Amino acid sequence: MTLQVSKTIGATDKVALDAPIFDPVAFRLSDEQAGIITRAREIGQSVFAGRAATYDREAIFPSENYRDLHRVGLLGIAVPKEHGGLGANYQTYALAAAEIGRYCGATALTWNMHVCSTLWSGPLADDLDMDAETRAEHEARRAVHYKRIVEDGAIYSQPFSEGGAAAAGGVAFGTEARPVEGGWIVNGKKIFASLSGHADYYGVLCTEIEEGEKASRRNTLYLAIPAKSEGVSVVGDWDPLGMRGTVSRTLLFKDVFVPADSALMPRGVYFQAAMRWPHMFLTLSPTYMGLAQAAYDFTVRYLRGEVPGMPPVKRRMYPTKQIAVAQMQIKLEQIKAIWFQAVTEARANPSKEQVLRAYAAQYSVMEGANELAALAIRTCGGQAMLRSLPLERIYRDSRCGSLMLPWTAELCLDRIGREALYETGETDD
C-alpha cells in the first residue's frame, strides 16, 4: 500500500505524463496529497485511458481497472491509515477522482460510489456526534469493512436512487429495513444502481421501520448488503447515452436478511450527516471536473496535430480556433476555481455561504463540462467526432452529470435561489 507509484504502475515509464489538473504548488497541496493524486493520474493516463473506449462501446463494467485500483492502493484511498489505507481527506480524494475522470469517466464515477462507503464511514463520521459506546461499535464494524477492501480488494457500491423524491432528500427512502433478531429484513428497489452485478457489497440507504411506525428520514440506515445474499437480484438492461461502463442496472431486495454488524453507520448518524455535512453529496462532481479538463486537453492536442493515431495536421493558426481555445481556457479556469474552493471547504456545519457555493460548484461543473465538450466539438469539427477518438465519449459522458441526484442542476438552481432569499424559518405569510 505504501509503494511508490513508479514501482506499482509499470506502464508509466512509456508515457509522458500530463500536467496535473491542480498544480500542487499553485494550489498549496502537501507532498502527501500530491503523491496520492499523482498515483491516480498515472494509472488513469497509462492504463485506464486505453481501456475506456471498450468499456463504453460494449457497456461493460471496468473490472480490470478495479483490480489495478486495488493493486496501487487506491481502493482504500479514504480508509484511515491505521486500517491500512491511504488516509486521504475529502479534498485529496476529490482531486484524485478528477484525475481518474479525466481518462475514464465510468471508472471515476463508479469508484466514487465505492469510495463513499469509506469516506462517509471514515473521516466524515469522525466529525459527527456519537457517544463513546456508539463510536466504539462503529469503529469495530468499519474495521471489518476496511479489511475486506484493503486486503481482499472488495468493491462496495452505493445504490441511492429509487425513482422518487427520496434521493433528493425530500422523503424517506422507500427501501425498508424491518428489525428482527440479529439484524434486519430488507425489501425494496434501487434504480440506476452503479456497479450492479459487479460490487461485492451494496451500501444501501434504507428506512428502518418498526411495526406500526411511519417512515421517517431520521431513521435512515446505511447497510452493506453482500451481493450474494439470498433475495438480492439485478434486473433490466443497460444501454444509456453515456457513462455506459457504470452498468447501473436495477437492484431488487426481497426479504433479504442483513446482520447487525453490516451497518456502515450507526443508527441516526446518516441523517445527522445529511443535515450537518452537505458536501457529502458533492462527490459525484470530481468525475465531471476531470471530463471538463479532458475536453480542453483534446482540443489543444487536436489543433496542435498531436492526437495519437491521427496525421500530424496543425489547425492552430486560424484565429477562430484560437478564440475558441481562449473561451475554453476561461471557462475551465472558472470551473476549477469555484470547484476547488468548494471541495476545500467541505466539513461539518459549513456556513450558509459555503453551502451555496457548493451548490454553485456542482452546477458549474456538471453543466460546464458538457458546455466545454460541445465547444470542443464545434472547434475541432466533424473528424474529431469519430468513435476511435475520445471526444464524442467525453461529450456523452459529460451530458449525464446534470441529471444525477441528489444535486441535479435543476435542484441546485432551486436551492440557491430559495436559500439565498430566505433565512431558515422565514415565510411570506
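The values are calculated or read from the model by the stated rules, or taken from the named source; none is laboratory data. The structure presented is a predicted model; accordingly, all values stated were derived computationally and were not measured. Virtual Cβ from ideal backbone geometry, glycine too; neighbours counted across all protein chains shown. Protein only, heavy atoms only, side chains kept; ligands, DNA and RNA dropped before computing areas. Shrake-Rupley method; radii C 1.70, N 1.55, O 1.52, S 1.80 Å.
Results for (1) assigned to a loop (DSSP other than H, G, I, E, B); (2) in contact with a Lys or Arg (Cβ under 9 Å, 6 or more places away or on another chain); (3) hydrophobic (A, V, I, L, M, F, W, C); (4) modelled with pLDDT of 95 or more, shown as yes or no for each residue.
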| residue | (1), (2), (3), (4) |
| --- | --- |
| Leu356 | no, yes, yes, yes |
| Gln362 | no, no, no, yes |
| Glu367 | no, no, no, yes |
| Glu371 | no, yes, no, yes |
| Arg378 | no, no, no, yes |
| Gln383 | no, no, no, no |
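Go over the candidates Ala26, Ala96, Ala78, Ala59 one by one and state the one that is over 23 Å from Asp397 (Cα atoms) and touching a Pro at 6+ places or on another chain (Cβ under 9 Å).
After applying the criteria, what remains is Ala78.
Would you please name the residue that is farthest from Ala193 (Cα to Cα), looking only at residues in region 113-133 that are in contact (Cβ under 8 Å) with a residue 40 or more places away in the chain and open to solvent by 40 Å² or more (accessible area, probe 1.4 Å)?
Asp129
Just one of the numbered conditions (1) assigned to a strand (DSSP E or B); (2) of a type in the set (D, E, K, R); (3) at pLDDT below 95 is not true of Lys189; which one?
(3)
Please indicate, with yes or no, whether at least one residue in region 256-271 is among the β-branched types (Val, Ile, Thr), open to solvent by 30 Å² or more (accessible area, probe 1.4 Å) and either free of Cβ contacts under 8 Å to residues at least 24 places away in the same chain or closer than 22 Å to Tyr146 by Cβ (or both).
Checked region 256-271: no residue is among the β-branched types (Val, Ile, Thr), open to solvent by 30 Å² or more (accessible area, probe 1.4 Å) and either free of Cβ contacts under 8 Å to residues at least 24 places away in the same chain or closer than 22 Å to Tyr146 by Cβ (or both).
Taking the criterion of being modelled with pLDDT of 95 or more, among the polar types (S, T, N, Q) and farther than 22 Å from Phe257 by Cα, would at least one residue in region 129-147 satisfy it?
Yes, some residue in region 129-147 is modelled with pLDDT of 95 or more, among the polar types (S, T, N, Q) and farther than 22 Å from Phe257 by Cα.
Sort out which residues of region 121-141 are over 19 Å from the mean Cα position of the chain (by Cα) and either under 19 Å from Ala274 (Cα atoms) or of a type in the set (A, V, I, L, M) (or both), and write them in order of number.
If the condition is that a residue be over 19 Å from the mean Cα position of the chain (by Cα) and either under 19 Å from Ala274 (Cα atoms) or of a type in the set (A, V, I, L, M) (or both), then Asp126, Asp127, Leu128, Asp129, Met130, Asp131, Ala132, Thr134, Arg135, Ala136, His138, Ala140 are the ones that fit.
Among the residues of region 76-84, is there at least one that is of a type outside the set (Lys, Arg), open to solvent by 30 Å² or more (accessible area, probe 1.4 Å), closer than 25 Å to Gln293 by Cβ and outside any loop (DSSP other than H, G, I, E, B)?
Checked region 76-84: no residue is of a type outside the set (Lys, Arg), open to solvent by 30 Å² or more (accessible area, probe 1.4 Å), closer than 25 Å to Gln293 by Cβ and outside any loop (DSSP other than H, G, I, E, B).
Could you check region 223-247 and list, in sequence order, the residues that are open to solvent by 40 Å² or more (accessible area, probe 1.4 Å) and among the polar types (S, T, N, Q)?
Correct list: Ser233 only.
Out of the residues in region 284-322 meeting the condition of being of a type in the set (Val, Ile, Thr) and surrounded by fewer than 23 Cβ atoms within 10 Å (Cβ to Cβ), tell me which one is nearest to the chain's Cα centre (by Cα).
Per the criteria, the residue is Val300.
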